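J.: Let me begin by handing over the structure; questions about it come next.
The values are calculated or read from the model by the stated rules, or taken from the named source; none is laboratory data. Remember, predicted model here, so these are calculated numbers, not experimental data. Don't worry about glycine lacking a Cβ; one is built from the backbone with ideal geometry, like all the others, and counts go over all protein chains shown.
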Amino acid sequence: MESIGRIRRIHVAPEQGATTEPVETVRALAGRGLEGDRYCLPEAETGDEHETAGTFADRDGSDLTLIEAEALAALERDYGIELEPGVHRRNLTTEGVALNHLDGGRFRIGDVVCEGVELCEPCSYLERHLAEDGVREALVHRGGLRARILEGGVLTVGNRLEAL
């Protein structure tokens, strides 16, 4: 396996609309999400019908969301929009990996195995939440990746991210 990136930051939000909270480590639960995050499914509700507190809870692949630190740097450089860590609403900020290339593929973060489900295109909710015009347009095709957690474990800032 070739290391293709690292995790720079981890964020969870306990409920919809809540400020994301930075954490150094978090348990990733297979088929459920990140412990303490708004999208984490209760243990008994891992089937098709479930209730979580996130805006996109009904969308497959909401276990985990990732965004590139490089995309955030480009947002500032190209559009003059600087986002504080975590306000982008993604769980993991990565470095050194083209997340779009992991769409449809499997990858490992530390001992956690994930599958890229779809690109996490920016939505009007993000733009409204940030009250920053242009964020949605600026992040098209670089808004990150939605992923399903296939094998759980502990995620830690600094973990290597490897394609499988």
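J.: Being at pLDDT 90 or above and surrounded by 14 or more Cβ atoms within 10 Å (Cβ to Cβ) is the filter here; which residues of the range 46-73 pass it? Reasoning before the result, please.
T.: Taking the range 46-73 and keeping what is at pLDDT 90 or above, we get 63-73.
Within the range 46-73, ASP63, LEU64, THR65, LEU66, ILE67, GLU68, ALA69, GLU70, ALA71, LEU72 qualify.
J.: Of all residues in the range 84-113, how many are outside any helix (DSSP H, G or I) and surrounded by fewer than 18 Cβ atoms within 10 Å (Cβ to Cβ)? Before the answer, list the steps.
T.: First pass over the range 84-113, keeping only residues outside any helix (DSSP H, G or I): 84-98, 103-113.
Add one more test, that the residue is surrounded by fewer than 18 Cβ atoms within 10 Å (Cβ to Cβ), and what stays is 84-85, 87, 95-96, 98, 103-106, 110-111.
The number of residues fulfilling the criteria is 12.
J.: Within the range 114-123, can one find any residue that is exposed (fewer than 14 other Cβ atoms within 10 Å of the Cβ), closer than 24 Å to THR156 by Cβ and at pLDDT 90 or above?
T.: No, that holds for no residue.
J.: When residues of the range 8-28 are filtered for being of a type in the set (D, E, K, R) and over 17 Å from GLY152 (Cα atoms), how many remain? Full working, then the answer.
T.: If we filter the range 8-28 for residues that are of a type in the set (D, E, K, R), which is where we start, we get 8-9, 15, 21, 24, 27.
Keeping just the survivors that are over 17 Å from GLY152 (Cα atoms) gives 8-9, 15, 21.
Number satisfying all stated conditions: 4.
J.: How many of the residues in the range 19-43 are part of a loop (DSSP other than H, G, I, E, B) and touching a strand residue (DSSP E or B) at 6+ places or on another chain (Cβ under 9 Å)? Lay out the reasoning, then the answer.
T.: To start, the set of residues in the range 19-43 that are part of a loop (DSSP other than H, G, I, E, B) comprises 19-20, 24, 30-32, 35-43.
Narrowing the set further to residues that are touching a strand residue (DSSP E or B) at 6+ places or on another chain (Cβ under 9 Å) leaves 20, 24, 30-32, 35-41, 43.
Going through the range 19-43 one residue at a time, the tally reaches 13.
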